[in-house]
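One structure follows; several queries about it will come next.
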Amino acid sequence: MSTLFGAYDGNLRQLEDLLNVRIRTQGQELLVEGTAADTAKVARLIEQLGALISEGHSISDRDVKTASHLLLEDGAIDLRDHFLKDGQLRQAGKKRIAPKSVNQRRYLEAIDQYDIVFGIGPAGTGKTYLAMAQAVSSLLAKKVSRIVLVRPAVEAGEKLGFLPGDLQEKVNPYLRPLYDALYDMIDTEKADRLLERGTIEVAPLAFMRGRTLNDAFVILDEAQNTTAEQMKMFLTRLGFGSKAVVTGDVTQIDLPIGRMSGLVQAMEVVGKVDGLSFIHFDDRDVVRHKLVQAIVKAYDAYGSGPSAR
């Protein structure tokens, strides 16, 4: 009960907010007031998670939160399927990764099934992080021989001037988010060794021209900032035994006015090509601070301007 209720009944308070119910406790009992549909969701959550705990499975406060959001999206979801189904929990180096929404689960399943997957949606939905987790998992399982992480070097609305250092030092600031995700999943020393050997490569998109990437897991991040020509160039780099994941947010395009985003064009040009999958995220998939979700909703309602990064 203490696991399900959370510290100071924190999980119950969250359920009240999400499902518009009122919950009181009497010893080991819960009294839930609300509509029949909402109280049924609370009962379903408690019953399913309680069964998993009684079978010896470890359920954290984060899992309770994830389960609440999943039930809000799909009242008929089987939480056993979500938490225990083969492949739902991914070992990505030092991290164990589990999807926290229905769309995140569809995203991971699509990456397993398709050779090219587009993850499109607002900030904080886990597009890049989950793709990185899949890449690391594939590398450690020897499904691919290397990881290639790519980003267009486009300034986000501010001029940075001439950066000091050699070419790698000049482009590293643009690639920093990819390094951050990588070091979050692999110990720093091991990651540095893999980078030194070229097993993991982090590079600006311009470096991909003329290459064929075989037996690789390739991630193109911030794809909304590619030009139409760059996107075509990237999609035609894929070689044998490789997978590519393209992530981006079409509300955060930093290209000069008049330049069409390669991601926007790709949605029209290859949207119906067999063997590709497009997964669209929305504010319900945001897994950062709860204010990020509110900010994304606010910008969507406003109807113009970039979403918060």
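For LEU30, LEU108, what's the largest-to-smallest order of accessible area, 1.4 Å probe? Could the numbers behind the result be given before it?
On the way: LEU30 45, LEU108 0 Å².
I get LEU30, LEU108, largest accessible area first.
In what sequence, largest accessible area first, do GLU109, GLU29 appear using a 1.4 Å probe? List each step's numbers first, then the result.
Details: GLU109 65, GLU29 110 Å².
Most to least solvent-accessible, the answer reads GLU29, GLU109.
Which far-off residues, 5 or more places away or on another chain, put their amide H under 5 Å from the one on ALA98, with H placed in the peptide plane?
Under 5 Å from the amide H of ALA98 lie the amide H atoms of ARG90, each far enough along the sequence or on another chain.
Related question: Tell me, what is the 1.4 Å probe accessible area of SER60, in Å² to the nearest 10?
50
For segment 237-283, report the accessible area per residue in Å² (1.4 Å probe, heavy atoms, rounded to an integer).
On the way: 2450 Å² over 47 residues.
For segment 237-283, the solvent-accessible area averages 52 Å² per residue.
Cα centroids of segment 234-292 and segment 122-155: how far apart, whole angstrom?
13
The values are calculated or read from the model by the stated rules, or taken from the named source; none is laboratory data. Computed from a prediction, not measured in an experiment: that's the story for all the values here. Each accessible area value is taken on the protein alone, full model and side chains, heavy atoms only, with ligands, DNA and RNA left out. Shrake-Rupley method; radii C 1.70, N 1.55, O 1.52, S 1.80 Å.
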